[in-house]
Amino acid sequence: MTEPQTIKITEPDQTGRIDKILPKLTEHLSRSQIQKRIENGQILVNGETIKANYKLRLNDQVDLKVVEPQTLSIEPEDIPLDIIYEDDDVLVVNKPQGMVVHPSAGHANHTLVNALLFHTPLSTINGEYRPGIVHRIDKDTSGLLMVAKNDIAHQSLAEQLKNKTNTREYWAIVHGQIAEDEGTIDAPIARNPQNRQKQAIVQGGKNAVTHFKVIKRYQHYTLISCRLETGRTHQIRVHMQYIKHPVAGDPLYGPHKTLPGNGQYLHAKTLGFEHPRTHEQLLFDAPLPDYFDKMIKYLDEHDS
C-alpha cells in the first residue's frame, strides 16, 4: 500500500485548479490519475471531499489517502536506445528528457528499464522493478546512466558510488548571473517536511555536496557545469535553488516565469567509473540534446 501524503499549499504558484496543480507537486501522479482519485474520494482538502475543479488557496491542506498500488509486471518494450557503450558487464545509455528510469505505480511502462530489458538481461540485485539500475536521473533530466548487466557489476558500481570514486558532471542553465567563477555547495538534503514530493535543505539531512563552475554568463541566466560529490534525490535542483539560482525550466523548484520547454535544463553530460571486471578507468561524454543546444544558441543571440 502507498503511504498517505499531506501537502500544504504555501506558495502562490501552488494555487489554482487542484487537478492542474497536484501533478506538479506530486510528480508521480498524472492529471487523469488525480481526477480519478478525487472522484473516488481519495483526495481531501481541509478534511473534505472536493471536485476536480476545486481551486487551491494558500494554507489549504491536501491529504492523499492510502491507495492499493497496481501490481506491476515489467514487460520488455522495443523502444530505441542511445547506447554510448556496452560490453558483457555494463552499459552506458544516454537517456532522453521525458523518459522515466524505472517503473512505478504512476509509470508502469514505457520506461528506460522496459527498453533495456528488451535489449539485454540486467542485474537483479536492486529488486524486481529496478533491474540493472545503479543510480537514477529525473524524468526530465537528460543524459548518461551506467547500467549493470549482472550482479557482480552492480555491486562494484554501487560501491564506487558509495565511495565517491566515479565522475558525474552535469550541465545546467540556471536563473540569474552567478558572481563566482566556481564554488561548492555543502548543504544537507532530506524530504521536505511540508511537501513529501520535494526535497529541501534540512539540518540533520543526508550529506550533500555539489561543485559548480561557470561556463558562460548571460544577462538573465548562467550556463554552468556541476560535479556531484554525493548523489541525493534532486540534489542539483535543490542546491541551485538554495543559492538563489534555480535551474531554468524546473517545475518543482524554479520560478513560474522561466525558459520554455518540457522541464529543467539539466543534462548529465559526463560519466566516469572503473570497469567492474577489467578495472580500466572509463570516461564518457554525451553531447547536449537538441532542446538544450537550441536554448543556448537562443540565449547567445538574445540574452548576451
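The values are calculated or read from the model by the stated rules, or taken from the named source; none is laboratory data. A quick note: this is a predicted structure, and the numbers were derived from the prediction, not measured. With ideal geometry, Cβ positions are generated from the backbone for all residues, glycine too; neighbour counts draw on all protein chains shown.
Please list, ordered by first then second residue, the pairs with beta carbon atoms under 9 Å, 6 or more apart or interchain, first in the stretch 85-96 and under 11 Å from Thr278 (Cα atoms), second surrounded by fewer than 18 Cβ atoms within 10 Å (Cβ to Cβ) and modelled with pLDDT under 95. Pairs that qualify, where the first residue is under 11 Å from Thr278 (Cα atoms) and the partner is surrounded by fewer than 18 Cβ atoms within 10 Å (Cβ to Cβ) and modelled with pLDDT under 95, are Asp89/Ile152. Lys216 passes every criterion in (1) in contact with a Leu (Cβ under 8 Å, 6 or more places away or on another chain); (2) surrounded by 15 or more Cβ atoms within 10 Å (Cβ to Cβ) apart from (2).
You will find that of Asn126, Asn114, Asn94, Asn59, the residue that is of a type outside the set (A, V, I, L, M), assigned to a loop (DSSP other than H, G, I, E, B) and more than 21 Å from Gln194 (Cβ to Cβ) is Asn126 and no other. Within the stretch 193-206, not a single residue is touching a residue at least 40 places away in the same chain (Cβ under 8 Å) and either over 18 Å from Thr233 (Cβ atoms) or part of a helix (DSSP H, G or I) (or both). Being surrounded by 20 or more Cβ atoms within 10 Å (Cβ to Cβ), more than 19 Å from Leu25 (Cβ to Cβ) and in contact (Cβ under 8 Å) with a residue 24 or more places away in the chain holds for only one residue in His267, His234, and it is His267. When Lys36 is tested against the conditions (1) at pLDDT below 90; (2) farther than 18 Å from Gln5 by Cα; (3) not in a loop (DSSP other than H, G, I, E, B), the lone failure is (2).
Within the stretch 191-211, restricting attention to residues that are among the β-branched types (Val, Ile, Thr) and touching a helix residue (DSSP H, G or I) at 6+ places or on another chain (Cβ under 8 Å), the residue that is surrounded by the fewest Cβ atoms within 10 Å (Cβ to Cβ) is Ile201.
Would you confirm, using the coordinates I've provided, whether Gly254 is touching a residue at least 12 places away in the same chain (Cβ under 8 Å) and in contact with a Ser or Thr (Cβ under 8 Å, 6 or more places away or on another chain)? Before the answer, list the steps.
Working: touching a residue at least 12 places away in the same chain (Cβ under 8 Å): yes; in contact with a Ser or Thr (Cβ under 8 Å, 6 or more places away or on another chain): no.
Taking the combined requirement at face value, the residue does not satisfy it.
Suppose the filter is surrounded by 15 or more Cβ atoms within 10 Å (Cβ to Cβ), touching a helix residue (DSSP H, G or I) at 6+ places or on another chain (Cβ under 7 Å), outside any loop (DSSP other than H, G, I, E, B) and at pLDDT below 90; does Leu25 pass it?
Answer is yes for this residue.
Counting the residues of the stretch 212-256 that are over 13 Å from the mean Cα position of the chain (by Cα), assigned to a strand (DSSP E or B) and among the aliphatic types (A, V, I, L, M) gives 5.
In the stretch 257-304, which residue that is hydrophobic (A, V, I, L, M, F, W, C) and part of a helix (DSSP H, G or I) is nearest to the chain's Cα centre (by Cα)? Once the filter is applied, the top-ranked residue is Phe292.
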